[in-house]
1. Need the failing condition index for Ser277 against (1) away from the ligand (no atom under 15 Å from the Cβ); (2) in a helix (DSSP H, G or I), just the number.
2. Would you be able to tell me the number of residues in the stretch 255-268 that are hydrophobic (A, V, I, L, M, F, W, C) and within 11 Å of the ligand (Cβ to nearest atom)?
3. Restricting attention to the stretch 116-137, and to residues there that are surrounded by 14 or more Cβ atoms within 10 Å (Cβ to Cβ) and of a type in the set (Val, Ile, Thr), which single residue is farthest from the chain's Cα centre (by Cα)?
4. Output the number of residues of the stretch 1-36 satisfying the condition of being at pLDDT below 95 and part of a strand (DSSP E or B).
5. Out of everything in the stretch 42-82 that is assigned to a strand (DSSP E or B) and open to solvent by less than 40 Å² (accessible area, probe 1.4 Å), what residue ends up being nearest to Tyr153 (Cα to Cα)?
6. I'm trying to understand the selection: among the residues of the stretch 368-384, which are open to solvent by less than 70 Å² (accessible area, probe 1.4 Å) and either of a type in the set (Gly, Ala, Ser) or assigned to a strand (DSSP E or B) (or both)?
7. Being in contact with a Lys or Arg (Cβ under 9 Å, 6 or more places away or on another chain), in contact (Cβ under 8 Å) with a residue 40 or more places away in the chain, open to solvent by 40 Å² or more (accessible area, probe 1.4 Å) and within 25 Å of Ala44 (Cβ to Cβ) narrows it down to one of Asp326, Asp322, so name that one.
8. Would you pick out the residues in the stretch 85-107 that are without any contact (Cβ under 8 Å) to a residue 40 or more places away in the chain, open to solvent by less than 40 Å² (accessible area, probe 1.4 Å) and either in contact with a Gly (Cβ under 7 Å, 6 or more places away or on another chain) or part of a helix (DSSP H, G or I) (or both)?
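The values are calculated or read from the model by the stated rules, or taken from the named source; none is laboratory data. Please read these numbers as outputs of a predicted model, since none were measured by experiment. Note: ideal-geometry Cβ built from the backbone for every residue, glycine included; neighbour counts use all protein chains shown. With ligands, DNA and RNA removed, areas are computed over all heavy atoms of the protein, side chains included. Shrake-Rupley method; radii C 1.70, N 1.55, O 1.52, S 1.80 Å.
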Amino acid sequence: MAHASQTSPVGILGGGQLAMMLGEAAQRLNMPTSILERNSASPAHAAHFPVTIGDWRNPSDLKTWLASLSIVTFENEFVDTGALREAAHSNLQFFPSLDAIDLIQDKLYQKEFLKNAGLPVPRFRSVSTMADCEACADDWGWPLVLKERRMGYDGKGTFVLRGPDALDGFWSHYHAGRDLMAEEFIPFATELAIQVARGKDGSVAHFPVVETFQSNSICLWAKCPALIPRNDATAIKQMASTVINQLNAVGVFAVELFYTASGEIFINELAPRVHNSGHYTIEGCKTSQFEQHIRAVSGLALGETSLTYPGVAMLNILGEFDGQCDIQSPSSLANGHAALHWYHKQDSRRGRKLGHITAWGDTANAALATAIEARKEIELCPKK
Ligand code: ADP
C-alpha cells in the first residue's frame, strides 16, 4: 500500500463516527487529521484523534481552526456553507466543493440536478399549498411522499401520506414553516446504494452495488453484492459516474436508489460523503470507502475497490435505551467471521446508531446471517 505523509492535516468538519473512521483510515496512510467538533466527548475524541472543540456556526471558531489547514472535508452535509465561505482563507480547498454541498443540501435542487443530468428519479414537484399536493396526487396517485427540502436525515422530514385524510391531517398539524417538495411513491422491492469516488485527476472508482434495508427509515443492514442482474449493476455504476463527474466532485459520494420488482431503477438521493451503506467496505473491499475518501481529497491515487470475500454484510447496532451505554462483546464474533466497530458515543438513545458489525461469507446472505448471529453474542448494558 502506498503511504504518504503531508505536513498540513486533512481537516474534517464534525467528529462523529464517520470522522472517527476517516481518522482511522488516514492514520493507516500516515496522514494527520484535524477535526472540528463542538462536543467534547465525540467518537473522534474517544478514538484519540486531534479534535478542536468549536462550533462550525461560529465564525471565530471556524477562522481559527481553518487557519492552519489547506484541505477540508465533511462528515456531514448540514454545514453552514455561508459561514465557511466567510471564514475560509484563499489557499483553502473544500472537498467536495461548497457549491456541491449547497446543491445537495436542498432535496429539490438535488432532484432537479439529477433530472437535468438525464438520470432516473421519481416524479417530483415543489409544493407550497395543499392544493399543490392534491394536484400531485391527482397526477401520480396515492401514496404521496412529502419531503422537507432541507436538513432531513434518517427519514426525519419524509412523510408518506396514504390518502386525502392523511394529507388533511398533515396540512393542519404539520406543514407550517416547512419548505416542502412532493414526490411520487415508488413501490420498490429493495433499496440499493453505491459508493463512488473521484480523484483530483478526474479518475473515478466504484465500489460494488450494495443492498440496504431500512426500518422506520433507519438503515438496519446492508449486504453486498446486491442480487441484481449484471446489466443493472453496470447501469447504476454509470449513473454514479455521471453524478460525480457532473458535480466535478472530489471524494467519496453515496448514491441511494430504489429498485422495483420489474427492474426499474430510480435515484432517491445523494450523500456527498462516506455513508452508512458503505461501512461494509472496511473489511469487505480492498480499499475502504474511508481510505478512498482520504486518498481522493489528498491527491493520492484511488485504491482498488473489489470485494475481499464473495459476500459481505453490515448490521447496525442501534441503541436500546436512553442513557449512557456500554457494550459487552466476546473477542471473537460468529466464529471469527465478523468484526465489531463501536463508536464510543457518550449518550445512547433508543434507535441511535452506536456501532456496527461487519461479517463475511460465501454469499451476501450467508454474511448477513453471520452478522445477525454475531449481534446475538453482543450485549448493550447501562454504563456503571
Ligand atoms: P432521508 O434523507 O431522511 O434518508 P429519504 O428521502 O431517503 O430521506 O427517505 C427516507 C426513506 O423513505 C427512504 O429510505 C425510503 O424508504 C422512503 N422513501 C423516500 N422517498 C420515497 C419514494 N419516492 N417512494 C417510496 N419510498 C420513499
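1. (1)
2. The number of residues fulfilling the criteria is 4.
3. Val127
4. Looking only at that region, the number is 0.
5. Phe74
6. Ala369, Ala371, Ala374, Leu380, Cys381
7. Just one listed residue meets the conditions, Asp326.
8. Answer for the stretch 85-107, where residues must be without any contact (Cβ under 8 Å) to a residue 40 or more places away in the chain, open to solvent by less than 40 Å² (accessible area, probe 1.4 Å) and either in contact with a Gly (Cβ under 7 Å, 6 or more places away or on another chain) or part of a helix (DSSP H, G or I) (or both): Ala87, Leu98.
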